[in-house]
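Scroll down for the structure; my scribbles are underneath it.
Laboratory data are not the source of any read-out in this text; all were calculated from the coordinates shown. As the structure is a computational prediction, the values presented were derived from the model and not from experiment. A quick note on method: Cβ atoms are made from the backbone with ideal geometry, for glycine too, and the neighbour counts reach across all protein chains shown.
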Amino acid sequence: MSEVSLFESNLLSPEVQSQLPAGYTLRALRSNDYERGFLDVLTVLTEVGGHTKEEFTDHTITITEDAKDQVVAVGTILVERKFVHKNGLVGHIEDIAVNSNQQGKKLGLRIIQALKFIGAQRGCYKVILDCSEKNVPFYEKCGFKQKEVEMAWYV
Ligand code: ACO
């Protein structure tokens with residue numbers, strides 16, 4: 001049976017490949033890489049569990065104003081299956097927004113609560129997000145605390 005790659009090879013940098021020592025190949029994770037020591041490599045980083053497959057799923061929710069049949073608040077949680085931490089699940093909250101004329105009605109808080117619920121239902125051991133300084137008080141009111149530092153690289 002032919003092997004399945006996690007993604008198409010056109011996402012692989014030719015420049016990086018050209019900089020590898022002879023005999024090394026840059027490629028996407030493949031279905032049989034578990035037998036090729038993929039998890040063994042990760043043990044140099046931290047404890048590794050018995051991961052069997054990748055799970056990258058997301059859940060986008062909305063709050064609508066029924067009388068107007070309009071969406072007024074949205075948010076997404078992506079559930080990431082870790083290879084480390086005993087294959088634990090981590091929820092990533094993304095793209096929280098409340099219409100400017102609807103802010104201050106606790107809709108943002110409800111969206112976050114609903115996403116935290118999904119994260120808990122899915123079995124996440126933590127839910128994390130990145131935000132601007134000005135939104136820190138909002139997320140603190142939603143039960144989050146500051147941890148670590150966000151890093152970014154823009155193409
Ligand atoms: N500073 C201090 N407190 C705040 C702030 C703020 N910027 N925003 C909300 N709060 C407080 C409210 O006063 C309220 O406190 P209370 O319980 O004591 O009354 C509590 O937080 C809950 O506020 P909500 O009414 O639920 O907030 P709202 O519905 O306005 O949504 C949100 C907040 C999502 C930040 C909204 O203002 C918004 O859409 N902003 C623009 C987009 C944005 O910045 N999105 C977040 C990006 S980060 C990400 O997506 C992970």
Degrees between helix 107-122 axis and first principal axis of the chain (Cα, 0 to 90, nearest 10): 40 degrees
E47 paired with F7, simple spin-label distance in nm, labels 7 Å along Cα-to-beta-carbon: 3.0 nm
Ranking of V72, V149 by count of other Cβ atoms within 10 Å, fewest first: V149, V72
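With the contact rule set at Cα under 8 Å and sequence spacing of 6 or more, what percent relative contact order holds for the chain?
So the answer I get is 16 percent.
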Sorted by Cβ neighbour density within 10 Å, fewest at the top, the residues E8, E80: E8, E80
In Å, descending, principal axis extents of the Cα set of the chain: 62, 35, 32
The chain, dipole about Cα centre (Lys/Arg Cβ +1, Asp/Glu Cβ -1), debye to the nearest 20: 620 debye
Chain lengthening between Q19 and Y125 when straightened (0.36 nm per residue, less Cα-Cα): 34.3 nm
E65-L29 FRET efficiency (beta carbon distance; Förster radius 35 Å; 0.05 resolution): 0.20
Ranked T46, T76, T25, criterion: other C-beta atoms within 10 Å, fewest first: T25, T46, T76
